[in-house]
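All remarks here apply to the structure that follows.
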Amino acid sequence: RPDPWQAIDDRDDVTFDRLQIVGLDKRRRQISLRRLIVTTDAGIGKSLAMDCFFYRFNLPDARTLAFQLNANQLEGGLSEFDVSQDKLDAVLLNWMAGKIQQAKESGRCSETEAVSIVERHRVSGRLVILIDGLDHVSTGLPNLIHVLNSNYWQRCRFILAGRPYALQIHFEDLKLDQGWRFLRLEEFTLEQQRRYLGSRYDAIPKQALSALANVLTIPRVLYYMKHHVSESQFRLIRTAADVYWIAIRQMIKEAMNGSEAARKLGLPRTDTVPAQVSETQLRCCRNLLAAIAYIIYRAKQDQSFL
């Protein structure tokens, strides 16, 4: 893009599509954010940003109606969307109406009333569709491409989220050079690190801070350090590897606990699946990941290894 990245002071400027930027000609002008991409690398907060947008768009003063789903769901991850594309628009409309009926605020809203609410916002251009996880889809994005190109949804506002490599892969298919704007999330500043960790920041040994400078900027790492590490453990931190170990160990544990299949890892064949994985199972998973990492490393060293 010819224009340089510019910091945004007020998040509501994005929400209400009133953002102004200074162009190369030094003139301030308002730009359209009707087609917006939220992007950054892992752990910086794309999904949380999308959650914040979803919440903000559905507050009464926004006068908009927003729906949020993952790209995997749209591409058949939910049975509702595993349909032919000529039926996709109707299925998506009915899915939105169902979400309205499930909302506590809607009371006993009938299906007809719910569909009417969605239609009213769609026609007036006040319907927002947020789709996260473009980097979680291993195949193509035919359903998303159909929805973006469908005349039925043309008045809607779309906000997508994904890592940069996924945007590069799908750049031409999604026509991201035609009217799309990109919102890049930044890592935490020193002040934000202090505000987020609070007293825990002061518990980090001062001699370790310089070694951790590039690690503590990652919000997801700070999340694990804030909620899953005792202050006594903080005092044992000396290197970036210590922090990565804390964060990655917790990430593996949470991922395994969230999958019934993963909770069987390292166990004998049994019908009983534990609610929480054991330390032995965590060690088994780490050994498996280590073996995979070794094979990838060897493959890069010697292409004939595989």
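Go through (1) assigned to a helix (DSSP H, G or I); (2) open to solvent by 60 Å² or more (accessible area, probe 1.4 Å) and name the single condition Arg238 misses.
Result: Arg238 fails condition (1) only.
Looking at Leu141, Leu176, can you tell me which residue is under 27 Å from Arg11 (Cα atoms) and modelled with pLDDT of 90 or more?
Leu176
In segment 254-270, how many residues are assigned to a helix (DSSP H, G or I) and open to solvent by 60 Å² or more (accessible area, probe 1.4 Å)?
So the count comes out to 3.
Go through (1) open to solvent by less than 30 Å² (accessible area, probe 1.4 Å); (2) within 22 Å of the chain's Cα centre (by Cα); (3) β-branched (Val, Ile, Thr) one by one and return the number of the condition Val118 breaks.
(2)
Output yes when any residue across segment 299-306 is open to solvent by 90 Å² or more (accessible area, probe 1.4 Å), touching a helix residue (DSSP H, G or I) at 6+ places or on another chain (Cβ under 6 Å), over 30 Å from Leu48 (Cα atoms) and in a loop (DSSP other than H, G, I, E, B), and no when none is.
Yes, because at least one residue in segment 299-306 is open to solvent by 90 Å² or more (accessible area, probe 1.4 Å), touching a helix residue (DSSP H, G or I) at 6+ places or on another chain (Cβ under 6 Å), over 30 Å from Leu48 (Cα atoms) and in a loop (DSSP other than H, G, I, E, B).
Within segment 53-77, count every residue that is outside any helix (DSSP H, G or I) and either crowded, with 17+ Cβ neighbours inside 10 Å or free of Cβ contacts under 8 Å to residues at least 60 places away in the same chain (or both).
Of the residues in segment 53-77, 9 are outside any helix (DSSP H, G or I) and either crowded, with 17+ Cβ neighbours inside 10 Å or free of Cβ contacts under 8 Å to residues at least 60 places away in the same chain (or both).
Out of the residues in segment 1-36 that are among the hydrophobic types (A, V, I, L, M, F, W, C) and under 22 Å from Arg155 (Cα atoms), state the one that is modelled with the highest pLDDT.
Top of the filtered list is Leu36.
In segment 8-36, how many residues are without any contact (Cβ under 8 Å) to a residue 60 or more places away in the chain and among the aliphatic types (A, V, I, L, M)? Can you show your working first?
Quick first cut of segment 8-36, residues without any contact (Cβ under 8 Å) to a residue 60 or more places away in the chain only: 9-13, 15-16, 18-30.
Restricting the remaining residues to those that are among the aliphatic types (A, V, I, L, M) gives 19, 21-22, 24.
The number of residues fulfilling the criteria is 4.
So which strands (runs of 3 or more DSSP E) stay within segment 1-49 end to end and still have 3 or more residues that are crowded, with 16+ Cβ neighbours inside 10 Å?
35-39
The values are calculated or read from the model by the stated rules, or taken from the named source; none is laboratory data. None of the values given here were measured: they were computed from a predicted structure. As a convention, Cβ positions derive from the backbone with ideal geometry for all residues, glycine included, and neighbour counts pool all protein chains shown. SASA here: full protein model, heavy atoms, side chains in, ligands and nucleic acids out. Shrake-Rupley method; radii C 1.70, N 1.55, O 1.52, S 1.80 Å.
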